[in-house]
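The values are calculated or read from the model by the stated rules, or taken from the named source; none is laboratory data. Everything numeric in this text was worked out from a predicted model, so none of it was measured. Please note: Cβ atoms are built from the backbone with ideal geometry, for glycine as well, and neighbour counts cover all protein chains shown. Note: accessible area is taken over every heavy atom of the protein model, side chains too, but ligands, DNA and RNA are not part of it. Shrake-Rupley method; radii C 1.70, N 1.55, O 1.52, S 1.80 Å.
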Amino acid sequence: MVREKSANSIATLRSVRDAIVWAEKLLAGVDVYFGHGTDNALDEAAWLVSAAIAVPPAELAKHHRRPIAAAARARLKELVEQRIATRKPAAYLLNEAWFAGLRFYVDERVIVPRSLTGEFIRQGFTPWVDATRVRKILDLCTGSGCMAIACAVAFPSAQVDAADISNDALAVARINVDTHGLGDRVRLLQSDLFSNLAGNRYDVIITNPPYVGRAEMKTLPQEYRHEPKLALESGASGLDAITRILRDGADHLEPDGVLIAEVGHSNEALQEKFPDMPFRWLTTRHGDDSVFLLTAKQLREKPARARKR
Ligand SMILES: C[S@@+](CC[C@H](N)C(=O)[O-])C[C@H]1O[C@@H](n2cnc3c(N)ncnc32)[C@H](O)[C@@H]1O
């Protein structure tokens, strides 16, 4: 329960701005982890307030001076209490996530969209890709379908395949593809990485595969335990999925194609495992070491040979 003093004070909140400040104070003062759509208490508070008053988070600033109705205050209090008590990411409490400026339905069958690759999708992969030549894109390990759908929006002439091993995830992706009206351009496929994609070649393959190692899994904050383990863990080292993607990727790329992959904190282990692979690490707002690009040519010329131990 939200502490008595704060719970009482919610009744006295006048404006939407007051509500944001109230929620931020509560969220900042407890053991809650931010990293599933926001990375700080203020943004998380704003997101919950936007849901309570039913406006998109990007438009919230326009409503700061608006009075906040009793029903919205009650909803906000309930959301903040649930967020603190259950440690569920806000995205699951709200069944919504925002990615590349788009809204997605999410629930606990998929991880909360947050891939840094979204930055590059919105830029049409400039300057590494000639957008006018992109006809086919693959989003491998699609989860909610967020990256596939963002690609379909950024490349209006492209066909996008979105593959995942999990039928649960694909059911969520189906909801999102239909909501965004992209059923004619985004094809959902059940596949263990490339296994059901024989004969398909793409101009761009993007992937945010599972990449957490077994030991690191145990250290993750409570919020991650609400996400599917299948979406996070990838063998003892975290490198099982990306190793297979490096091995088979060239067979699924057009001659001028590129692979863009996120590997998070496993970057150093990956570099160490494949010392000859010329990974080009792309700069994101969080630094320049978790998303890499390789061309089809590089993948063909430098087969993914792991360092011998
Ligand atoms: C880190 S999540 C990424 C989801 C989505 N692309 C995103 O960024 O929000 C990884 C996804 O890979 C899927 N996955 C795990 N192992 C897989 C495999 N062997 N083949 C295909 N998909 C797999 C999981 O079901 C999960 O949806």
Would a scan of the range 201-218 turn up a residue that is more than 18 Å from the chain's Cα centre (by Cα) and among the polar types (S, T, N, Q)? no
Quick check on the range 217-244: of everything there that is buried (at least 19 other Cβ atoms within 10 Å of the Cβ) and closer than 21 Å to Arg83 by Cα, which residue is nearest to the ligand (Cβ to nearest atom)? Glu227
Give all pairs with beta carbons closer than 6 Å in which a residue from the range 219-230 that is under 18 Å from Val172 (Cβ atoms) meets a residue that is within 9 Å of the ligand (Cβ to nearest atom) and among the hydrophobic types (A, V, I, L, M, F, W, C); count only pairs at least 6 apart in sequence or on separate chains. Glu227/Ile111
Can we say Ala296 is open to solvent by less than 20 Å² (accessible area, probe 1.4 Å), closer than 18 Å to Lys136 by Cα, out of contact with any strand residue (DSSP E or B) (no Cβ under 8 Å at 6 or more places or on another chain) and at pLDDT 95 or above? no
Gly124 vs. criteria within 14 Å of the ligand (Cβ to nearest atom), part of a loop (DSSP other than H, G, I, E, B) and at positive phi: no
Can you tell me which of Ala91, Ala58 is part of a helix (DSSP H, G or I) and modelled with pLDDT of 95 or more? Ala91
Which numbered condition in (1) under 23 Å from Tyr92 (Cα atoms); (2) touching a residue at least 24 places away in the same chain (Cβ under 8 Å) is the only one that Leu239 fails? (1)
Restrict the check to the range 103-117 and report whether at least one residue is surrounded by 19 or more Cβ atoms within 10 Å (Cβ to Cβ), assigned to a helix (DSSP H, G or I) and either of a type in the set (A, V, I, L, M) or away from the ligand (no atom under 11 Å from the Cβ) (or both). no
Under 8 Å between Cβ atoms, at least 6 apart or on separate chains: pull out the pairs that start in the range 139-160 with a residue that is in a helix (DSSP H, G or I) and open to solvent by less than 10 Å² (accessible area, probe 1.4 Å) and end on any residue that is more than 6 Å from the ligand (Cβ to nearest atom) and of a type in the set (Ser, Thr, Tyr). Met147/Thr117
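Among the residues of the range 194-209, write down those that are open to solvent by less than 20 Å² (accessible area, probe 1.4 Å) and either within 13 Å of the ligand (Cβ to nearest atom) or not aliphatic (A, V, I, L, M) (or both).
Matches in the range 194-209: Phe194, Leu197, Tyr202, Ile205, Ile206, Thr207, Pro209.
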Which numbered condition in (1) open to solvent by 20 Å² or more (accessible area, probe 1.4 Å); (2) in contact (Cβ under 8 Å) with a residue 40 or more places away in the chain; (3) not charged (D, E, K, R) is the only one that Leu42 fails? (2)
Of all residues making up the range 161-175, the number that are within 11 Å of the ligand (Cβ to nearest atom) and either open to solvent by 60 Å² or more (accessible area, probe 1.4 Å) or not charged (D, E, K, R) (or both): 10
